[in-house]
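S.K.: Here it is, the structure in full.
The values are calculated or read from the model by the stated rules, or taken from the named source; none is laboratory data. It should be emphasised that the depicted structure is a prediction, and the values quoted were computed from it without experimental measurement. Cβ sites come from the backbone with ideal geometry, for glycine too, and all protein chains shown count toward neighbours.
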Amino acid sequence: MADLYDCSDPDARAAGLDAAAAAIGRGELVLLPTDTVYGVAADAFTPAAVTGLLAAKNRGRAMPVPVLIGEASTLAGLVVQPPQVANELAMAFWPGGLTLVVEHAPSLAWDLGDAEGTVAVRLPDDDVARDLLDVIRRPHVAAAEKGQRHEADKTRKRGNRGPWRPRGHGNLHHG
């Protein structure tokens, strides 16, 4: 049975972040809110965790998962030389739904799938996701859990131009 933490409650949020960070540290998967949908997350540097995430999502190695980062400055540590256009796009659209695909530094000890030397990087516009990244102090991979869309997402598809959902008030799941 998975544990569920209501991140609108400060105490539950703190407990959820601690539990999620510990689970990711053990190579387990965590379900967390992002700015668009819930995502299944794992440590980007733990091969068994990435393999588990790919299996959980029914994705083969030909569909590598994106890496989430907690702040834009982390991008420089993931690539040899970030293209100027990538920096400009990041400055304009991060945090948010923009995913940048860039050549990753060959020195990184990760296996995200058959990415042919590239990595898809996002800085989510969600306080819970960024807080978790801050707690674990390293990038993690996350793949959208399309069956777990937020109610606000469904509302927006019907024509409401309001926000996707209140930021930082999602739920963390692990187990």
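S.K.: Which residue, of G77, G96, is of a type outside the set (S, T, Y), closer than 15 Å to D125 by Cα and either under 18 Å from the mean Cα position of the chain (by Cα) or exposed (fewer than 14 other Cβ atoms within 10 Å of the Cβ) (or both)?
M.R.: One residue alone meets the criteria, G96.
S.K.: Report, by residue number, each residue of segment 110-129 that is surrounded by 22 or more Cβ atoms within 10 Å (Cβ to Cβ), closer than 24 Å to A48 by Cα and of a type in the set (V, I, T).
M.R.: Within segment 110-129, V119, V121 qualify.
S.K.: Kindly indicate the residue of segment 58-68 that is closer than 21 Å to A129 by Cα and in contact with a helix residue (DSSP H, G or I) (Cβ under 9 Å, 6 or more places away or on another chain) and also surrounded by the fewest Cβ atoms within 10 Å (Cβ to Cβ) among those meeting that condition.
M.R.: Of everything passing the filter in segment 58-68, P64 is surrounded by the fewest Cβ atoms within 10 Å (Cβ to Cβ).
S.K.: So, one more: Using the structure shown, decide if R156 is part of a helix (DSSP H, G or I), surrounded by fewer than 19 Cβ atoms within 10 Å (Cβ to Cβ) and modelled with pLDDT under 90.
M.R.: Here the answer is yes, as R156 does meet what is asked.
S.K.: Next question, about the same structure. Looking for something at pLDDT 75 or above, within 15 Å of L17 (Cβ to Cβ) and either touching a helix residue (DSSP H, G or I) at 6+ places or on another chain (Cβ under 9 Å) or surrounded by fewer than 19 Cβ atoms within 10 Å (Cβ to Cβ) (or both) - is there at least one such residue anywhere in segment 159-175?
M.R.: no
S.K.: In addition: Tell me the residue from A12, A55 that is within 23 Å of A115 (Cα to Cα) and surrounded by fewer than 18 Cβ atoms within 10 Å (Cβ to Cβ), please.
M.R.: Criteria check complete, one pass: A55.
S.K.: What's the total number of residues in segment 69-107 that are among the aromatic types (F, W, Y) and in contact with a helix residue (DSSP H, G or I) (Cβ under 6 Å, 6 or more places away or on another chain)?
M.R.: Going through segment 69-107 one residue at a time, the tally reaches 1.
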